[in-house]
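Please treat every number below as a calculation from the coordinates, not as lab data. Since the model is a prediction, treat every value here as computed from it, not as a measurement. No Cβ is skipped: glycine too gets one built from the backbone with ideal geometry, and neighbour counts run over all protein chains shown.
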Amino acid sequence: MTNLGIKGGDKVLLVWAQPSAPAALKRYAEELGAIVGPGGNLSVENSERLLLSCRPSSSFDCALSCLLPDSSSVHTAETLAELARVLRPGGKLVLDEAVAEAGVPSVRTTQKLVSALKVSGFISVSEVSKAELSPEALSCLRDATSYQGNAAVRVRVTANKPNFEVGSSSQIKLSFGKKQPAPVEKPPLDPNAAKMWALSASDINDDDVDLVDSDDLLDEEDFKKPDPASLKAPSCGPGSGKKKACKNCSCGLAEELEERGSGKQKSNLPKSACGSCYLGDAFRCASCPYAGMPAFKPGEKIVLDKKTLTDA
């Protein structure tokens, strides 16, 4: 009992599994009761009735499960979760269970037992001791499982519940104040580097500075003026041949050439000063009184009515 870490005043839950001899169970419970003291500090419960007992949460300081040497039980995930529920934050669990080597489907290994305890919420899981199973415990294991070997041993494992209740919450204090960044010390300036990147007026007149004259970049051919005749298009000016209108002519040259070819050109047709009255708004002046009106037909007399003259 001394190696279980139980002291006076602790609330202890003793879980036993069948077949435990009544005399051995009574003697073990009396020894525990003498340590924790009277006043209902010790509670005894069968492992098969543990889930139905509905004990209050966080009501025990320590839980002892299947420690009697004449019995053996496999702790299911539900049993481990219930033990974690009834323990207080920081409470201790001590259990005995039969384990075997890897490859036995009905009995798990020590590593799997430790993993099952961690999954159930326990921390600081460690193996305390290992011993052989008694004939009564081996017979109990064979009755409860399909294990038929003789290599199973009893292992004692201790674990602790975390120092907080499952589902508990705590406020986290966050400071959103602006922190002043620590001043960054600038490295000392190298005078040689500063002199390298500095350019003063005295450096321009220095003999070491090689400047290129822009006039030296031009040769004699660049100074020659081009011939005006070479700037004209081949189809422009006298001697260029017959003029041709563009494919999408909009300046009236196409109509002029068509009338000239058909001999219908009339020299007495009225013409405007700008010559754009027959071309529509796209070619009319901004101040033209006929802006917004359809284009005139060639030969049509252009007359300004009184209203137009009044508005102008």
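Order these by the 10 Å Cβ neighbour count, fewest first: S57, S170.
S170, S57
What distance in nm separates the two pseudo spin-label positions at D281 and E165, each 7 Å out from Cα along the beta-carbon direction?
8.5 nm
With a Förster radius of 30 Å, plug the Cβ-Cβ distance of I172 and I123 into 1/(1 + (r/R0)^6) and report the FRET value to the nearest 0.05. Don't jump to the answer; show the numbers that get you there.
Numbers: r = 21 Å, r/R0 = 0.71.
Once rounded, the FRET efficiency stands at 0.90.
Tell me, what is the FRET efficiency for R260 and K224 to the nearest 0.05, using R0 = 41 angstrom and their Cβ-Cβ distance as r?
For R0 = 41 Å, the calculated efficiency reads 0.50.
Which far-off residues, 5 or more places away or on another chain, put their amide H under 5 Å from the one on D70, with H placed in the peptide plane?
Here the answer is none, since no amide H 5 or more places off falls under 5 Å of that of D70.
Give the order of C140, C285 when sorted by the count of other beta carbons within 10 angstrom, beginning with the fewest.
C285, C140
Once phi is turned into θ = phi - 60°, what whole-Hz ³J(HN,Hα) does the Karplus curve with 6.51, -1.76 and 1.60 give for every residue of region 116-125, x standing for Gly and Pro?
5, 5, 5, 5, 6, x, 7, 10, 6, 7
Given Cα pairs under 8 Å that are at least 6 residues apart, what percent is the relative contact order of region 2-160?
Once divided by the residue count of region 2-160, the mean separation gives 24 percent.
Listing S43, S65, S126 from the residue with the fewest other Cβ atoms within 10 Å to the one with the most, what is the order? Mind dumping the intermediate values first?
Details: S43 17, S65 23, S126 10.
Sorted ascending by nearby Cβ count, the order is S126, S43, S65.
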